[in-house]
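These notes are about the structure you will find just below.
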Amino acid sequence: MAAFPPIYDTMNDGSNEGWLRATPHVFQAGMGVASEHSALHIVIAGGGFAGVRLARLLARHGPRRDVAGRPVRVTLLDRQRAFTYTPLLYEVAAAKIAPEHATTPYRDLLWDGSVAVRQTTITGFDRERRVVHTEDGEIPYDRLVLAVGAASTLPHIVGAHSNAPGGLAAHALPFMNLPDAEAIRARLTTRFRAAAHAAESVTIVVAGGGAKGVELIFDLADFAERRLAPAYGIAPDQLRLVLVNGDDRLMTDLPPYFDRDARAAMRARGIRLIGGRFVVGADADRVYLDDGRSIAARTLIWTAGITAHPLIRALGVPLVDGALRVTKQLQRPGFPTVYAAGDCVYMDDGRGKRRPATASLAQQQGRFLARALAADLAGEPLPAFRYAPRGQIIKLGDGDAIAQLGGGPHAPHFTGRAAHVLRDGLDLVEVPGIAQKRGALRDLLGR
């Protein structure tokens, strides 16, 4: 995701689903037992916010049969065994909560078996034959939902001894998923231990001044200043945190007061902001900027945007800003049996730019697709997707945040501890799984 957004649609999928009344004849109690060859098969490729929201709604409400009377079966494909609640990844990276409290096994989300979950790696799609290629073989589909997410813009190393231009692939840490968050936490702990042994200073650089980069650097400041530096005897004047932003303004997709308040909080915390510059390279000791300057730092974390997932690039179709263009019904143009949702989809913000890829948008698209598939299989006209902004809450470290409720230039907003408490409360409500809620609550109260 471009940013892990703080305000979501509820994961309680049974509430306020007025669309269930639109096509009542396709919703029947019980999924029924049918053979693979006689059933209509919906395949959801990806278990993020969009894919899980869709799968849970289909499990709960159907449709059970299509207009021709064929039973419907649903399969969710993901290479992981659990859903990751990405808004808590900041806390995982900063050792504020345990990794297991940010994930919920799919079997706990789809416990009744009405949606089959297959843990496998998807290797490609054949839209002509209507087949998903996986490491375990081919999976045919009648309807396909592409919800595979996005990839980091950080260059990848190709081959055992090659390196990306500027050394970024070898020396920068991405921040996209749970393994990335755990790797950041481990790297920082190792770096502070080594610095203490060598009597060195510690500099942490975050590249990217969007919502993700801003939230992350404040959480890392908490981790470094309040836990790692005291534990390893690093003096406050030996610790520096730097945020490099390619734009002159932070979080350009949000109202200007987000930039203003975040800058003020950075000044108060001693976080250095370098605006209007890009990170173009790194080695073991320095981070290089596009104006020829460099920063002495051995830790670089990359949050500078997202790009198309390799599976989406492999489709060989034109992309817009690294994402799939879809119709108002979230279908691939020319392929009415293929839908798409989440971070792999281009959604215009009304001003000719891509709407930020957020969990709220992904969840709304997943909920819409449950409604659209019901209409599709009932032989009815498909509705058009409409996005309803829920608002934003950006954390600025423990006890501080910026909150906007709803969308538009006149949406109410507030800052400080109240905004932070609201964000924590929403995260605890939204994270699925009773054990995960309890564990996250214990971690947040004990931090």
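Remarks
- Filter pass, ALA172 being in contact with a Phe, Trp or Tyr (Cβ under 6 Å, 6 or more places away or on another chain), buried (at least 22 other Cβ atoms within 10 Å of the Cβ) and more than 22 Å from ALA359 (Cβ to Cβ): yes
- Residue match in region 295-304 (condition: more than 30 Å from ALA384 (Cβ to Cβ), in contact with an Asp or Glu (Cβ under 7 Å, 6 or more places away or on another chain) and touching a residue at least 40 places away in the same chain (Cβ under 8 Å)): yes
- You will find that of TYR90, TYR85, the residue that is farther than 26 Å from THR134 by Cα, among the hydroxyl-bearing types (Ser, Thr, Tyr) and at pLDDT 85 or above is TYR90 and no other.
- Strands (runs of 3 or more DSSP E) (entirely within region 246-354) containing at least 3 residues that are out of contact with any Leu (no Cβ under 6 Å at 6 or more places or on another chain), assigned by TED's automatic domain parsing to the domain that holds PRO236 and at pLDDT 95 or above: 272-275, 286-289, 294-296
- Options ALA384, ALA372, ALA359; residue that is under 22 Å from GLY149 (Cα atoms), in contact with a Phe, Trp or Tyr (Cβ under 6 Å, 6 or more places away or on another chain) and among the small types (Gly, Ala, Ser): ALA359
- Residue match in region 190-209 (condition: closer than 27 Å to ASP290 by Cα, in contact with an Asp or Glu (Cβ under 9 Å, 6 or more places away or on another chain), not basic (Lys, Arg) and not in a strand (DSSP E or B)): yes
- Residue in region 418-436 that is of a type outside the set (A, V, I, L, M), modelled with pLDDT under 90, closer than 30 Å to ILE271 by Cβ and touching a strand residue (DSSP E or B) at 6+ places or on another chain (Cβ under 8 Å) present: no
For every residue, the table says whether it meets (1) farther than 30 Å from ARG185 by Cβ; (2) surrounded by 22 or more Cβ atoms within 10 Å (Cβ to Cβ).
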site: THR299; (1), (2): no, yes
site: TRP302; (1), (2): no, yes
site: GLY305; (1), (2): no, no
site: LEU311; (1), (2): no, no
site: PRO336; (1), (2): yes, no
site: ARG354; (1), (2): yes, no
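- Looking only at region 364-385, residues that are closer than 15 Å to ASP142 by Cα and polar (S, T, N, Q) come to 0 in all.
- For region 212-233, the candidate set comprises residues that are out of contact with any Leu (no Cβ under 7 Å at 6 or more places or on another chain) and hydrophobic (A, V, I, L, M, F, W, C); within that set, the residue that is surrounded by the most Cβ atoms within 10 Å (Cβ to Cβ) is LEU216.
- Restricting region 394-413 to residues that are on the phi > 0 side of the Ramachandran plot and at pLDDT below 90 leaves a set whose member that is surrounded by the fewest Cβ atoms within 10 Å (Cβ to Cβ) is GLY408.
The values are calculated or read from the model by the stated rules, or taken from the named source; none is laboratory data. Note that the structure is predicted; figures quoted are calculated from it, not measured. Neighbour counts run over all protein chains shown; Cβ positions are idealised from the backbone, glycine included.
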